[in-house]
Amino acid sequence: MRVYPEQLTQQLDKGLRQAYLLFGNEPLLKQECGDNIKRLAQQQGFLERHHFTIDNQLDWNLVLDCCQAMSLFSAQQIIELDVPDTGLNANQAKALLEVIEHLNPDILLVLTGPYLNKKQEATKWFKALDAIGLYVPCNTPDAKQMPRFIQARCRVLGLKPDHESVQMLAQWHEGNLLALAQSLHKLVLLYPDGELTIVRLQEALSRHNHYTPFQLVDAVLAGQAKRSQRVLRQLQGEGVEATILLRTLQRELTQLYKMQEMGKKGTPLNIIFEQFRVWQNRREMYIGALHRLPLTRLVGIIRQLTQLELQVKTDYDTNPWPALSALCAEICGFDTHLHYA
């Protein structure tokens with residue numbers, strides 16, 4: 001059964017399931033959901049915890065021993081399994097199925113791992129666990145979902161933001177739920193009445209570290225020109241060095257170039273994505289970037305980026321931000337003053 005993180009508390013009020021699957025790209029949601037599950041389990045007598053990481057070195061007999069052994073005081077046990085970002089191979093999936101067969105009412109199984117695609121949700125191990133437990137997709141809300149997510153969080157904390165405050169919180173914390181959680185807890189302490197306005201937000205919250213270079217990369221890959229410029233301006237205002245952004249963009253553009261070369265040689269797109277470990281939830285973004293940036297355009301942008309990096313490193317008086325802004329616009333598919341030789 002699938003439930004979303006905001007629905008988990010309601011489900012836990014109905015009682016514990018035998019298994020919980022916490023999969024997705026958002027660490028904060030996985031941690032919060034896991035903590036809520038284990039807190040309730042401990043209250044109900046699950047006092048022993050065993051944690052295993054699934055890799056090629058894992059001795060599955062140790063996991064099976066936990067399922068079969070009774071402790072001295074017959075305490076119920078929580079078994080936590082961390083699934084690797086690469087997913088489960090055939091042997092690991094087979095071993096997990098054996099563990100599932102040995103589950104009993106004194107065992108609570110919690111699996112944590114990366115985003116799952118439809119193919120992974122169709123595997124035998126997933127179906128077996130889904131039948132006896134809850135699947136909680138823990139993914140970062142996108143820009144459209146973020147305001148609703150913020151409103152739900154505020155209700156739980158007793159905060160009452162107006163519409164403009166919700167929009168500002170969404171813009172400042174897009175893609176960074178940890179920063180959002182910290183900001184909301186700070187606002188609870190500062191304003192006991194819970195009323196949130198634009199003025200209060202501006203007085204209470206620093207915009208420092210609300211964006212990262214990786215969010216700039218995601219914005220340009222997705223072709224989001226306005227958002228990329230907003231992220232870039234804030235990174236500049238926070239004092240992030242231009243060379244860090246240039247190197248981050250360079251790595252991504254070089255990878256796109258290699259992908260284009262493989263595609264030109266006839267390599268299927270799914271094989272390319274598997275080789276570069278592009279997960280399912282990011283593939284649509286990369287497909288758009290590959291369509292928008294053919295080899296010739298990529299070569300020109302990479303050349304311009306290299307020239308800008310050399311200029312920054314040799315001329316300390318140069319202002320790289322206008323050129324960096326134009327570079328981001330080019331990656332998003334807009335023609336600027338850049339010229340390709």
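The values are calculated or read from the model by the stated rules, or taken from the named source; none is laboratory data. Predicted model only: the values in this text are computed from it and were never measured. Neighbour counts are summed over all protein chains in view; Cβ atoms, including those assigned to glycine, are modelled from backbone coordinates with ideal geometry. The protein model used for the area step is the full one, side chains on, heavy atoms only, and it has no ligands, DNA or RNA in it. Shrake-Rupley method; radii C 1.70, N 1.55, O 1.52, S 1.80 Å.
Here's a check for you: in the stretch 159-180, which residue that is surrounded by fewer than 16 Cβ atoms within 10 Å (Cβ to Cβ) and in contact (Cβ under 8 Å) with a residue 24 or more places away in the chain is nearest to the chain's Cα centre (by Cα)?
Among those residues, the one meeting the criterion is Leu178.
Quick one: count up the residues across the stretch 87-113 that are of a type in the set (D, E, K, R) and not in a helix (DSSP H, G or I).
Counting residues in the stretch 87-113 that are of a type in the set (D, E, K, R) and not in a helix (DSSP H, G or I) gives 1.
Go through the stretch 84-115 and report how many residues are in contact (Cβ under 8 Å) with a residue 40 or more places away in the chain, surrounded by fewer than 16 Cβ atoms within 10 Å (Cβ to Cβ) and under 26 Å from Asn36 (Cβ atoms).
Result for the stretch 84-115: 2.
Would it be correct to say that Val199 is open to solvent by 80 Å² or more (accessible area, probe 1.4 Å) and either over 19 Å from Glu26 (Cβ atoms) or modelled with pLDDT under 85 (or both)?
Considered against the rule, which asks whether it is open to solvent by 80 Å² or more (accessible area, probe 1.4 Å) and either over 19 Å from Glu26 (Cβ atoms) or modelled with pLDDT under 85 (or both), Val199 comes out as yes.
Which residue out of Glu330, Glu309 is in contact with a helix residue (DSSP H, G or I) (Cβ under 6 Å, 6 or more places away or on another chain), free of Cβ contacts under 8 Å to residues at least 40 places away in the same chain and either surrounded by 14 or more Cβ atoms within 10 Å (Cβ to Cβ) or more than 23 Å from Asn270 (Cα to Cα) (or both)?
Just a single option satisfies the conditions, and that option is Glu330.
Has the stretch 282-299 got at least one residue that is open to solvent by less than 50 Å² (accessible area, probe 1.4 Å), without any contact (Cβ under 8 Å) to a residue 24 or more places away in the chain and among the aliphatic types (A, V, I, L, M)?
no
Just to be sure before I move on: is Leu293 over 26 Å from the mean Cα position of the chain (by Cα), modelled with pLDDT of 90 or more and more than 30 Å from Cys138 (Cα to Cα) in the structure I sent?
Answer is no for this residue.
Which of the helices (runs of 4 or more DSSP H) found entirely inside the stretch 222-276 contain at least 1 residues meeting this: at pLDDT below 90 and under 19 Å from Glu309 (Cα atoms)?
Ranges flagged: 225-237, 242-264.
State all residues of the stretch 86-120 that are small (Gly, Ala, Ser) and within 18 Å of the chain's Cα centre (by Cα); if no residue qualifies, say none.
Residues satisfying the conditions are Gly87, Gly113.
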